[in-house]
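A.B. asks: Provided herewith is a single structure, encoded as structure tokens, for subsequent inquiry.
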Amino acid sequence: MSEAITTILEELRTFNPPQGHQGHIASMEEYRSIREQFRNDFDSTWRDLAREHLLWREPFTRVLNGDNAPFYRWFEGGKLNLSENCLDRHVDAGLGERTAIIWESEAGEVRNYSYSDLLSEVCRAANAMKQLGIQAGDRVIIYMPMIVEAAVAMLACTRIGAVHSVVFGAFSPQALRDRIEDAGAKLVITADGGGRRGGIHALKPNVDEALSEGCRSLSHVLVVCHAGNEVDWCAGRDIRWHDALKVQPDSCEPLAVDSEHPLFILYTSGSTGKPKGILHSTAGYLLWARLTMRWSFDFRPDSDLFWCTADVGWITGHTYSVYGPLANGGTTLMYEGVPTYPDPGRLWKICADHGVTIFYTAPTAIRALIKAGDAWPNSHDLSKLRVLGTVGEPINPEAWMWYYNVIGKGRCPIVDTWWQTETGGHMLAPLPFATPTKPGSATYPLPGIEADIVDDEGKPITEGGGMLVIRKPWPSMLRGVWGDDQRYVDTYWKKFGNRFYFAGDGARRDEDGYFWIMGRVDDVLNVSGHRLGTMEIESALVSHEAVAEAAVVGRPDEIKGEAICAFVVLKREADDELVATLRNHVSKEIGAIAKPDDIRFADSLPKTRSGKIMRRLLRDIAAGREIISDISTLEDQSVVQQLQQKKL
Ligand code: 6R9
């Protein structure tokens, strides 16, 4: 068990919500009564929320269709357009001049986009895409830095019913190629590069490399000229974004699509095989993006400035940098750059300069900033902050307390939100002005979410640890794994006989019913809040000519949560450069975040007699812990000693 989890288990402090402000959900009584309402009348509660919160072109006729479970369908018969809900709706309500997005570059340039500006830009982009032959249902890959054009591209897809798939800019050409091919994308939207740590992180060359062997489905690449780095040009295929948009009219009729029309695919790591394309659909996702902004963050579109530091390449960036704030007609901030550039005070400076009121980040960032010292936040005016959120991994109580005291000055509730790419939006989270919080606990399920903790047979566990499941479908749930229905059923539903959704996380419930997330129960690592499958890294390693076999495990890391430790059996003698070579090889195959922190060589891997790699043993070795696993079934006992010694 990692240190973070041990301290979480011993945590007893409770913090009451701040007084004097009425939240969207104002008290625990109100919370309980909404939950009751869902329990008593599930369908009509969702029906009323969907009618109240979304702008429909045609009303839906059925709330939830579970006839083909676990392939659930929500709000059938309804038609709507997502970009219309996020843009036109607010412009039509007279909010056209309100700032939709504030963007700041690493160099300090600031741009404001009003709702009217954003709508025009989205229409131009949608028209340009139409002219390139993109139609409803076609897939579009977005491989961009954190610039407004990334949000414009996403919204433009939704305007014409195209399905976007955003690929994180730090992913390698190989990872990009896999995603372009798996999605069968017709168009890639990218930029020459993005600003990073005072330099430029080139993107377009990666697209060129990804497409170097051709790609049947793809016809064009739209390139935003942003960073100014020199790029090659493939005539006939590559088109400048600005050239394509400037000749287009700034209006484009939004296409009313079915509630269940696919909205986006987002690739995420699983415990086996290649990353899977998590598929989300339109109405349910949008409803939950809008509602959770209000419930978990108490978002007030007319007065709040919301900043989620996540890149749009992750689900958090989708739901809480772009869709959630815009669905509510509020203002969202985007920052293109690293949090510690030019110094560790950068995030706090941005909060102070713009008057951020709700701030949402990951524990790994908090831990890194704690190390930099309190002087950084203390030298900026953080008095506008009123709610602080965290996401991505368990937050250790020390980091929670620092966030609460040093950043929030004891005034701001900490909202620890547990959710996943698959869930589309928050599942467990405190209501900032109602729920008493405990450092390290995501507290309770949000209204409408029937989360539970069960044992291996699916029996509920009232106190203690087990597996986190969700008993009832919810509107923003994934609709499938792109192109692989079986994998959807096998990964999320089969474990409990298709009865409830299996999240892949372990959790514990305390005597007050609070949920405490204990981390993954499968072979998925959480490195700085990013999900990586051990299998993925292992396959990357064995694709190198020198590697015969590899096993990857996580070990606790103070900043990153988990570090990557690889055990490698070689086909030939190791040379001095091999560790660096293999690290770079993994980076090339997957991306820099997947680079192993430690690589250890051995003559063989510890396996049981039935041939299973003893991962628990490897985890102990990686962490430098005393070996408590039973190694009596180990075929070759000397391997253990070898692995313990050979730390490189
Ligand atoms: C939103 C996001 C999902 C996995 C999830 C869990 C971990 C996320 C957490 C958390 C403890 C939290 N996780 N939030 N663990 N406390 N508040 O991160 O999506 O990238 O798909 O990762 O992250 O293990 O299963 P995703």
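The values are calculated or read from the model by the stated rules, or taken from the named source; none is laboratory data. Keep in mind that this is a model prediction, so the values were computed, not measured. Here the Cβ is made from the backbone with ideal geometry for all residues, glycine too, and neighbour counts use every protein chain on show. Quick note on the areas: whole protein, heavy atoms, side chains included, nothing else; ligands and nucleic acids left out. Shrake-Rupley method; radii C 1.70, N 1.55, O 1.52, S 1.80 Å.
A.B. asks: Please work out if Gly448 is touching a helix residue (DSSP H, G or I) at 6+ places or on another chain (Cβ under 8 Å) and small (Gly, Ala, Ser).
C.D. replies: Judged against the criteria, Gly448 is a match.
A.B. asks: Any idea which of (1) at negative phi; (2) within 16 Å of the ligand (Cβ to nearest atom); (3) buried (at least 20 other Cβ atoms within 10 Å of the Cβ) is the one Ala566 doesn't satisfy?
C.D. replies: (2)
A.B. asks: Can you say whether Val91 is assigned to a strand (DSSP E or B) and among the β-branched types (Val, Ile, Thr), as far as the supplied structure shows?
C.D. replies: no
A.B. asks: Going residue by residue through the range 274-289, is there one that turns out to be within 30 Å of Val524 (Cα to Cα), basic (Lys, Arg) and touching a residue at least 24 places away in the same chain (Cβ under 8 Å)?
C.D. replies: Yes: the range 274-289 contains one or more residues that are within 30 Å of Val524 (Cα to Cα), basic (Lys, Arg) and touching a residue at least 24 places away in the same chain (Cβ under 8 Å).
A.B. asks: For residues that are touching a helix residue (DSSP H, G or I) at 6+ places or on another chain (Cβ under 7 Å), modelled with pLDDT under 90 and of a type in the set (D, E, K, R), tally how many sit in the range 537-582.
C.D. replies: 1
A.B. asks: Next question. Identify all residues within the range 434-445 that are touching a helix residue (DSSP H, G or I) at 6+ places or on another chain (Cβ under 9 Å) and not aliphatic (A, V, I, L, M); write none if there are none.
C.D. replies: Within the range 434-445, Thr435, Pro436, Thr437, Lys438, Pro439, Gly440, Ser441, Tyr444, Pro445 meet the criteria.
A.B. asks: A follow-up question, please. If you go through the range 605-621 one residue at a time, do you hit one that is surrounded by 19 or more Cβ atoms within 10 Å (Cβ to Cβ), touching a residue at least 60 places away in the same chain (Cβ under 8 Å), under 19 Å from Val527 (Cβ atoms) and in contact with a Leu (Cβ under 7 Å, 6 or more places away or on another chain)?
C.D. replies: The answer is no, given that none of the residues of the range 605-621 is surrounded by 19 or more Cβ atoms within 10 Å (Cβ to Cβ), touching a residue at least 60 places away in the same chain (Cβ under 8 Å), under 19 Å from Val527 (Cβ atoms) and in contact with a Leu (Cβ under 7 Å, 6 or more places away or on another chain).
A.B. asks: Any residue in the range 551-562 that is in contact with a Gly (Cβ under 6 Å, 6 or more places away or on another chain), more than 22 Å from Thr581 (Cβ to Cβ) and within 13 Å of the ligand (Cβ to nearest atom)?
C.D. replies: yes
A.B. asks: Pairs needed: first member in the range 378-404, under 17 Å from Thr437 (Cβ atoms) and away from the ligand (no atom under 11 Å from the Cβ); second member anywhere, open to solvent by 10 Å² or more (accessible area, probe 1.4 Å) and modelled with pLDDT under 95; C-beta distance under 7 Å; at least 6 residues apart or different chains.
C.D. replies: Pro397/Thr7; Pro397/Glu11; Ala399/Arg367; Ala399/Ile370; Trp402/Ile370
A.B. asks: Could you please find all residues in the range 378-403 being crowded, with 21+ Cβ neighbours inside 10 Å and out of contact with any helix residue (DSSP H, G or I) (no Cβ under 8 Å at 6 or more places or on another chain)?
C.D. replies: Once the filter is applied, which keeps residues that are crowded, with 21+ Cβ neighbours inside 10 Å and out of contact with any helix residue (DSSP H, G or I) (no Cβ under 8 Å at 6 or more places or on another chain), the range 378-403 yields Arg386, Trp400.
A.B. asks: Which pairs turn up if I take residues in the range 40-58 that are basic (Lys, Arg) and part of a loop (DSSP other than H, G, I, E, B) and look for partners that are open to solvent by less than 20 Å² (accessible area, probe 1.4 Å) and at pLDDT 95 or above with beta carbon separation below 6 Å, at least 6 apart in sequence or on another chain?
C.D. replies: Arg57/Leu80
A.B. asks: Restricting attention to the range 366-377, report how many residues are of a type outside the set (A, V, I, L, M), in contact with a helix residue (DSSP H, G or I) (Cβ under 8 Å, 6 or more places away or on another chain) and either away from the ligand (no atom under 16 Å from the Cβ) or open to solvent by less than 10 Å² (accessible area, probe 1.4 Å) (or both).
C.D. replies: Summing the residues that are of a type outside the set (A, V, I, L, M), in contact with a helix residue (DSSP H, G or I) (Cβ under 8 Å, 6 or more places away or on another chain) and either away from the ligand (no atom under 16 Å from the Cβ) or open to solvent by less than 10 Å² (accessible area, probe 1.4 Å) (or both) in the range 366-377 gives 3.
A.B. asks: So, His280, is that one within 25 Å of Phe60 (Cβ to Cβ) and modelled with pLDDT of 95 or more or not?
C.D. replies: yes
A.B. asks: Given the range 331-386, what helices (runs of 4 or more DSSP H) lie entirely inside it while holding 1 or more residues that are under 22 Å from His201 (Cβ atoms)?
C.D. replies: In the range 331-386, 346-354, 363-372 are the helices (runs of 4 or more DSSP H) which contain 1 or more residues that are under 22 Å from His201 (Cβ atoms).
A.B. asks: Pairs only if they're at least six apart or on different chains, beta carbon under 7 angstrom, first in the range 496-515 and within 18 Å of Glu463 (Cβ to Cβ), second of a type in the set (Ser, Thr, Tyr) and open to solvent by less than 20 Å² (accessible area, probe 1.4 Å); list them, first residue then second.
C.D. replies: Correct list of pairs: Tyr514/Ser441; Tyr514/Thr443; Phe515/Ser441; Phe515/Thr443.
A.B. asks: Which count do you get for residues in the range 527-550 that are within 11 Å of the ligand (Cβ to nearest atom), touching a Leu at 6+ places or on another chain (Cβ under 8 Å) and open to solvent by 10 Å² or more (accessible area, probe 1.4 Å)?
C.D. replies: The number of residues fulfilling the criteria is 1.
A.B. asks: Just give me the residues in the range 94-111 being free of Cβ contacts under 8 Å to residues at least 12 places away in the same chain and part of a loop (DSSP other than H, G, I, E, B), in sequence order.
C.D. replies: Selection gives Gly108, Glu109.
A.B. asks: For the range 123-157, what are the residues that are part of a helix (DSSP H, G or I) and open to solvent by 10 Å² or more (accessible area, probe 1.4 Å)?
C.D. replies: Of everything in the range 123-157, those that are part of a helix (DSSP H, G or I) and open to solvent by 10 Å² or more (accessible area, probe 1.4 Å) turn out to be Arg124, Asn127, Lys130, Gln131, Glu149.
A.B. asks: Moving to a separate point now. Pick from the range 494-506 the residues that are within 16 Å of the ligand (Cβ to nearest atom) and out of contact with any Phe, Trp or Tyr (no Cβ under 6 Å at 6 or more places or on another chain): which of them is nearest to Gly533 (Cα to Cα)?
C.D. replies: Among them, the one singled out is Gly504.
A.B. asks: If I ask for residues that are in contact with a helix residue (DSSP H, G or I) (Cβ under 7 Å, 6 or more places away or on another chain) and near the ligand (Cβ under 8 Å from one of its atoms), which ones from the range 405-421 would you list?
C.D. replies: Thr417, Thr421
A.B. asks: Further question: Here is a check on your reading of the model: is Trp482 among the hydrophobic types (A, V, I, L, M, F, W, C) and within 13 Å of the ligand (Cβ to nearest atom)?
C.D. replies: Considered against the rule, which asks whether it is among the hydrophobic types (A, V, I, L, M, F, W, C) and within 13 Å of the ligand (Cβ to nearest atom), Trp482 comes out as no.
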